[in-house]
Structures are given as C-alpha cells and as structure tokens.
Amino acid sequence: PSVPRHANRLVNEKSPYLLQHAYNPVDWYPWGQEAFDKAKKENKLIFLSVGYSTCHWCHVMEEESFKNKEIGEIMNKNYVCIKVDREERPDVDKVYMTFVQATSGGGGWPMSVWLTPDLKPFAGGTYFPPEDGVHRVGFRTVLLRIAEQWKENKDALLENSQKILEALLHVSEIRVQGQESPPPSKEVMATCFQQLSNSYDEDYGGFSKSPKFPTPVNLNFLFTYWALHRTTPEGAQALQMALHTLKMMAHGGIHDHVGQGFHRYSTDQHWHVPHFEKMLYDQGQLAAAYSRAFQISGDKFFADVVQDILLYVSRDLSDQAGGFYSAEDADSYPTTASGEKREGAFCVWAAEEIRALLPDPVDGATEGTTLGDIFMHHYGVKETGNVSPLQDPHQELKGKNVLIVRYSPELTAARFGLEPGRLGALLREGRQRLSAARAQRPRPHLDTKMLAAWNGLMISGFAQAGVALGEQEYVSRAARAAAFLRRHLFDPASGRLLRSCYRGEDNSVEQSAVPIQGFLEDYVFVIQALFDLYEASLEQGWLEWALQLQHVQDKLFWDPKGFAYFSSGADDPSLLLRLKNDQDGAEPAANSVTVTNLLRAACYSGHTEWVEKAGQILAAFSERLQKIPIALPEMARATAVFHHTLKQVVICGDPRGEDTKEMLRCVHSIFSPNKVLMLADGDSAGFLYRQLPFLASLERKDGKATAYVCSNFACSLPVTSPQELRGMLCP
C-alpha cells in the first residue's frame, strides 16, 4: 500500500509474532524497562497482551480489536500497552497465566491482563470480542470500565492487587513438606498406569474424548511401564495402548498425509479434523516416540512415520545454518487472489480437485476405476466434504475434505479387485500429485524464531531416530543442529544458554539487541539432547558440554530451600514470581525431564550429588506424584529410573571395528529405559576416562570388542557376543 503506515515500537523487534503487530494503531511496547518507566511516570495502568504467531484466536482479536482505530485510541489514552510473544518469554506468560487461571477458572491465548504500574495483575481474561454480545462483555467496554475504576478507586485497586499477589505466591509454591524422601516408585507407576487406562479411548486410542492432543509424555510412560512389566497382563496392555494410539494418530487427519508431519491437535475423538498449526516440539517428541515404537515392535509402519516426520522438518522447518524453526500457522490464503485467510486452507481438498488431479484409469482394477476413485475411497473423501459442521463453527471447511485413512490396504485393494501389493505405489503416486498441486497454493506463515528448548527436543528426535532406524544421516543432522546451538544460542564467556535467535532479512542468523537468557527448559531439553546425541554418535565433546551446562543449570535455577528447580532465574526484577511448572502437557515439565538428566549425568561423571538432587526433586513433587501422577507422567516414569538405578553399558573396543559396531547395534536395537551407553575406546587421556577412573580397569577380552554392564560402578563379567549382551539387557 502506498499510504505510509504508522509503525509502533514493535517494528524494532525480531519475533515474528511481535512484528505482526508493528503496524497496529495501538502504541505497543515490548516487555521491558521503557514501558515500565512510562507507566510509573504517567501513573497509568498496563494492558498486557500475550500470544504467539500460530495462535488462531490471537489473529482474530488483532483483526477485530487491535486493528480498530477507535479501540486503539482508547487503549493508547488510558494504558501503556505491552505485547509479549509467549514463546520468547515463557516466564512472563507463566506468571500472568497463573493469575488468569486462578481468577477466571480458565486460561489460554490470546491472554489479556491488566496490571498496576508496578506490574501486579488485578483483572484478566483471554479473547474478548470487540463489542458487547448477549453472553460476553466486549473489549471496548472492559477497557473503559477498568480505566474508570483506576480514576475512582485507585487505592482499593492497588490494595487488591497486593492481596492477589500474596495468594498466588501461596498457591503456586512447590516444595518439600518435611519428608525428604522420594515417593515409592511402585505405587506411583501403578497409580499413573491406572489413571491413564481409565481415561484411555479403546476405539481410537488417546486419552480423552475431544479435543485430543498427541501427548508423547503419556506414550513414553507406557513404554517404560511395559519395559518393567514385560511379562504381566498390565505390561502387555500398556504397550498395546501406546502402539494403538500411535497407529490411529498416523492414520488420522492430525497427520498430514500429503505434506508430512503432525498438526497440533484433533478437535474430535477420531483424530480427524485438526487445528492445523504444526509445532516443532510435537515433531521432535513424536519422532522419538515413533522411533521407540519401532524399536520395541519391529513394525516397519512406525519407522515409515519417523521418516515422514523428519522429512517434513528437514524440508520445511530447517534453517540453512542448522537450526530448526518454531512453527507453521494454521491459517492461510486459499488462493493467491484471496483477500482473507482461512484455517486449514493449505491442507484441505474438494472432491473435484482430487478427481481432476487423478483421472488415470487403473490397469487390473475393476472396470472403469480411476486413481481418483481408489485414493478417495482410501482417504475417506466425500463429494460434499467430510468435515461435520459441528467441527467447523466458522464454515471455513465447508465442502472440503481432511484426508484420513479409512481402510486397511487389504480392504481398499479388495474393494477395487487389485493385488494388495500394488496399492502402496498407487497411493504414493496420488499423494505426490496432490503435493505438487498444493505447492501452488500460498503457504501458511512460518515462524522462523529458533528456540533453544524446542531445538533440543528436535535434536533428541533426530538422534533417537538415527539409533533406532540405523540411519547415520539423522545422527549427522542432530549434530549439525547441536553445533548450531553452540554457535548461536550459547555464550561461551558466561557458559550460559540463550533462549532464542532469528532468521534475518538475507537468511542470516540474528540476535536481538538484548538477547533473552535461557530458561530452565532451555537447559533441560538441550542437556537431554546432548546425552541422546552422545549415545548416537559417541562423540565425547557433546557429553562434556552437557555436564558443563548441568553445573550452570544448578547454579541459576536450583531452589536450595524447597528443592527442585525454578523455571526462571533470580536476576529479573520484573518477574513477580519464580514458579515451578507442575504439569507434563504438550511439552514435558522441565523438572520431570531433569530427573533423568541428573541420573544420566551422574553415570557419566561419578558425581553422586546429582543422584541426590534427582531424589530431592521427586520428594518436592511427592504429593502430586502419589495423588495425580497422570498430571506428571514423565516424572512418574523418572521415579522408576531413579528406583531401578541406571545400568552403565560399557563397550570396550575400537569405534571403527566391525565387532564394536555389532555390539553397538545390539544395544541400539533394544528399548531399555534404564540404561546409559558409553564407549571405552582405550584413550586414557580422553574426557570419559578422566571422569570415570573405573573404566581403566575394563579390558577387551581376547582382543575382541567387549561389553560390561555396570551398576553403581560395579561391573558384570565381560561378554563378547551380541547374543549374550542382549540376554543381559532384556532380563
């Protein structure tokens, strides 16, 4: 447009979400001192709006309210307005979300919160429509009412905000209650299994009716439960629940059959109609979960899904410098000529489009059958669209189809008189043609912010897939991303991680003027990634960096009084609360993953105080773990790892030797939740030998690659055949 647009201060930010709001008529400030000083100096309330770039209702509220000139004027006159990207500042988001959930009973994004000039919250909610409706009060009304209250009853409002803060502090505190010991693992595991099986959907898999999220934390719990109870009916049931859920998700519309990867969640019980955004943290965790499923079952179906996810990430979420982008949006323009975006437009199909793309008659099928007929039957495509109006309140998907596998290959082949062996190639051809047609559509917005924590989850996905599928290129991709983190999201001078970096104009990697320091989750997911990468590559440099980061994490976040780690550091005066996350949700809570990290760190270093810390975290969360472990399945899983003591599997051998590789392949083919792998290559000056003096006493038997299984640094007799080693790892 030729009209010069007025920009607000967000124009200088790097976050794609903040940049989306740089030309609103609202005088937005980023979170920071300039805004805080203005509020104090002018004695104005703060309006805080928190969202993220792939959030559908955030876009709606911007279109309706933040782009509205008149509403913008009311906001600018009465408030200092601050915009936050929750993916950049999870700490700020968490403090005020705790308030919104406590006072309104619900939470979500966009989050709208009103604060006093000293940042204390006193009113809040999520999405507000612009004008009053029958059931909801409109945003304009709320803005005017609150401004009026501030004029009339300032003192009461300030006093109230102080009381609210004290109550929040009290409610959100997680600490050791007198008893210092971790909860009994057997009971925690049994209760968690019981709670998961009670909420399990026998027909479609998953753990709720709708909406349905992938929640890899539940699946990982079930895999560990199976591994510790292989011979019991409950163990078999746990494995069946996990594998069935993964199968149903891969068949469902939550899985992008044409463009690969997984959408964020399903709006229905059948995994059919998703919310179409794609998040990096889901791809990373699901790649790992499907890799484990393949490792355990040997079913190639799961390996194919792993390859599908990693193809998507390599192609669409990868920066040329080696990092991974955060997310792709759900909304996009249906065609290049469209004026407004629609949810799912990039991913859905009208029946006639598919017919036109796949008109070829199929040899050997019943008379008159086209490729389109077979494809539409298999993927549940209907002439009038396959999305029920109930799942499409805004009529955005009317007449469209979300592909979902409706039949087994055998049934579809039989329906058209085909040899079952031919179906795979026909469907693949169909998907490729649809993919080429889809490439002509306008792509959804890509959030090119790169976060340390989510990159960590993705590195784990690539490393574990490389191990389970025996694919060296996946391990190399993980190593490239770890090198990227080291180069762009780590400050060697202080030894600290940074939270985020960004793709610049010319595809270079950029950092904000004042970089955001890493949070607890950044350390925890990166340390986990480095351990996974060491086990996959046996490069000791990753191990050394992981242990250094663990020391820094202890220094910045450990709570010596109440135990466990705070989510954020102590050095930010603008944060009212230091919280501890107590829920394993779409991503696991940092304290849950760190328990296993600490146990692994102790095995690689001999530092037993890390084992003690792991026990103290479990003690701090003890009550929750005993009552509702389903809220913390990853931490419940870690209680078992803590209880059973990790086994150190040491392979003594030359990493280049075929006999060593054979032993490593044996270890990699077995799912064992309580093992750590290390290679003793005989280099006594190397990092591992310096850390663990006992390695020097282990030798190769008859000059062959030799395995020892050690626990608490006491070792088994040496074995030199993969069969014997397998017997020791699968009791």
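The values are calculated or read from the model by the stated rules, or taken from the named source; none is laboratory data. In this text, all values refer to a predicted model and were calculated from it rather than measured experimentally. No Cβ is skipped: glycine too gets one built from the backbone with ideal geometry, and neighbour counts run over all protein chains shown. Ligands, DNA and RNA are excluded from the accessible area calculation, which covers all protein heavy atoms including side chains. Shrake-Rupley method; radii C 1.70, N 1.55, O 1.52, S 1.80 Å.
Residues of segment 127-144 that are within 18 Å of Met111 (Cβ to Cβ), open to solvent by less than 50 Å² (accessible area, probe 1.4 Å) and without any contact (Cβ under 8 Å) to a residue 12 or more places away in the chain: Gly138 alone. Return the residue satisfying two criteria in turn: it lies in segment 685-697 and is under 23 Å from Trp542 (Cα atoms) and touching a Cys at 6+ places or on another chain (Cβ under 9 Å), and of such residues it is most open to solvent (accessible area, probe 1.4 Å). By that ranking, first place goes to Phe694. Scanning segment 521-565 for residues being over 23 Å from the mean Cα position of the chain (by Cα) and small (Gly, Ala, Ser) gives a total of 3.
Report, by residue number, each residue of segment 216-241 that is closer than 18 Å to Gly585 by Cβ and buried (at least 23 other Cβ atoms within 10 Å of the Cβ). Once the filter is applied, which keeps residues that are closer than 18 Å to Gly585 by Cβ and buried (at least 23 other Cβ atoms within 10 Å of the Cβ), segment 216-241 yields Pro216, Val217, Asn218, Leu219, Phe221, Leu222. Residues that are closer than 14 Å to Ala465 by Cβ and touching an Asp or Glu at 6+ places or on another chain (Cβ under 8 Å) within segment 262-287 comprise just one, Gln285. Within segment 635-672, take every residue that is of a type in the set (Gly, Ala, Ser) and more than 27 Å from the chain's Cα centre (by Cα) and give me the one that is nearest to Met189 (Cα to Cα). Checked segment 635-672; the qualifying residue nearest to Met189 (Cα to Cα) is Gly653. The residue that is nearest to Cys603 (Cα to Cα), among those in segment 658-673 that are open to solvent by less than 20 Å² (accessible area, probe 1.4 Å) and outside any helix (DSSP H, G or I), is Ser672.
Annotation: Gln162 fulfils all but one of (1) closer than 16 Å to Leu576 by Cα; (2) at pLDDT 95 or above; (3) in a helix (DSSP H, G or I); the unmet one is (2). Considering Pro633, Pro629, the condition of being buried (at least 24 other Cβ atoms within 10 Å of the Cβ), touching a Cys at 6+ places or on another chain (Cβ under 7 Å) and under 20 Å from Ala529 (Cα atoms) is satisfied by Pro633 alone. Can you name every residue in segment 366-385 that is open to solvent by less than 20 Å² (accessible area, probe 1.4 Å) and either within 16 Å of Phe346 (Cα to Cα) or at pLDDT below 95 (or both)? The one that is open to solvent by less than 20 Å² (accessible area, probe 1.4 Å) and either within 16 Å of Phe346 (Cα to Cα) or at pLDDT below 95 (or both): Gly385.
Within segment 300-322, being open to solvent by 50 Å² or more (accessible area, probe 1.4 Å) and either within 17 Å of Pro673 (Cα to Cα) or not small (Gly, Ala, Ser) (or both) holds for Lys300, Phe301, Asp304, Gln307, Leu311, Arg315, Gln320.
With respect to the conditions (1) open to solvent by less than 20 Å² (accessible area, probe 1.4 Å); (2) touching a helix residue (DSSP H, G or I) at 6+ places or on another chain (Cβ under 7 Å), Leu357 falls short on a single one, namely (1).
Just wondering, is there one or more residues in segment 700-708 that are over 34 Å from the mean Cα position of the chain (by Cα), part of a loop (DSSP other than H, G, I, E, B), modelled with pLDDT of 95 or more and of a type in the set (A, V, I, L, M)? Yes, because at least one residue in segment 700-708 is over 34 Å from the mean Cα position of the chain (by Cα), part of a loop (DSSP other than H, G, I, E, B), modelled with pLDDT of 95 or more and of a type in the set (A, V, I, L, M).
The residue pairs whose first member lies in segment 652-678 and is more than 26 Å from Leu228 (Cα to Cα) and acidic (Asp, Glu), whose second member is in a helix (DSSP H, G or I) and open to solvent by less than 10 Å² (accessible area, probe 1.4 Å), and whose beta carbons are closer than 7 Å, counting only pairs six or more residues apart or on different chains, are Asp654/Thr660. Only residues in segment 83-100 that are on the phi < 0 side of the Ramachandran plot count as the first member; pair them with residues that are part of a helix (DSSP H, G or I) and among the charged types (D, E, K, R), Cβ under 6 angstrom, at least 6 apart or cross-chain, and list the lot. Partner pairs satisfying both residue conditions: Arg86/Asp93. Being farther than 27 Å from Lys300 by Cβ and either without any contact (Cβ under 8 Å) to a residue 12 or more places away in the chain or of a type in the set (A, V, I, L, M) (or both) holds for only one residue in Pro389, Pro420, and it is Pro389. Within the bounds of segment 636-651, is there any residue that is open to solvent by 40 Å² or more (accessible area, probe 1.4 Å) and over 24 Å from Phe223 (Cα atoms)? No, segment 636-651 contains no residue that is open to solvent by 40 Å² or more (accessible area, probe 1.4 Å) and over 24 Å from Phe223 (Cα atoms). Selection of segment 205-215 for residues being within 20 Å of the chain's Cα centre (by Cα) and open to solvent by 10 Å² or more (accessible area, probe 1.4 Å) yields Phe207, Ser208, Ser210, Pro211, Phe213, Thr215. Is there a residue in segment 605-619 that is surrounded by fewer than 24 Cβ atoms within 10 Å (Cβ to Cβ), touching an Asp or Glu at 6+ places or on another chain (Cβ under 6 Å) and modelled with pLDDT of 95 or more? Yes: one or more hits. None of Asp373, Asp304, Asp363 is in a loop (DSSP other than H, G, I, E, B) and over 30 Å from Asn507 (Cβ atoms) except Asp363. Determine whether segment 577-597 contains at least one residue that is on the phi < 0 side of the Ramachandran plot and free of Cβ contacts under 8 Å to residues at least 12 places away in the same chain. No - not one qualifying residue is present in segment 577-597.
For Lys120, the conditions (1) buried (at least 21 other Cβ atoms within 10 Å of the Cβ); (2) touching a Ser or Thr at 6+ places or on another chain (Cβ under 8 Å); (3) over 21 Å from Tyr52 (Cα atoms) all hold with the exception of (1). Being under 24 Å from the mean Cα position of the chain (by Cα), among the acidic types (Asp, Glu), in a loop (DSSP other than H, G, I, E, B) and crowded, with 23+ Cβ neighbours inside 10 Å is a property that Asp584 has. Being in contact with a His (Cβ under 9 Å, 6 or more places away or on another chain) and not acidic (Asp, Glu) is not true of Leu446. In segment 612-630, the residues that are more than 22 Å from Phe207 (Cβ to Cβ) reach residues that are open to solvent by less than 40 Å² (accessible area, probe 1.4 Å) and assigned to a helix (DSSP H, G or I) with C-beta atoms within less than 6 angstrom, at least six apart or across chains, in these pairs: Lys613/Leu598; Ala614/Val595; Ala614/Leu598; Ala614/Leu599; Ile617/Asn591; Ile617/Val595; Leu618/Thr639.
In segment 1-106, counting only helices (runs of 4 or more DSSP H) that sit wholly within it, the ones holding 2 or more residues that are among the small types (Gly, Ala, Ser) span 33-42, 90-104.
Selection of segment 176-204 for residues being free of Cβ contacts under 8 Å to residues at least 60 places away in the same chain and surrounded by 24 or more Cβ atoms within 10 Å (Cβ to Cβ) yields only Phe193. Restricting attention to segment 415-431, the residues that are closer than 10 Å to Leu371 by Cβ and buried (at least 17 other Cβ atoms within 10 Å of the Cβ) total 3.
The rows are residues; the columns are (1) in contact with a Gly (Cβ under 6 Å, 6 or more places away or on another chain); (2) among the polar types (S, T, N, Q).
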| position | (1), (2) |
| --- | --- |
| Val100 | yes, no |
| Gly124 | no, no |
| Arg145 | no, no |
| Lys163 | no, no |
| Arg175 | yes, no |
| Glu180 | no, no |
| Ser185 | no, yes |
| Met189 | no, no |
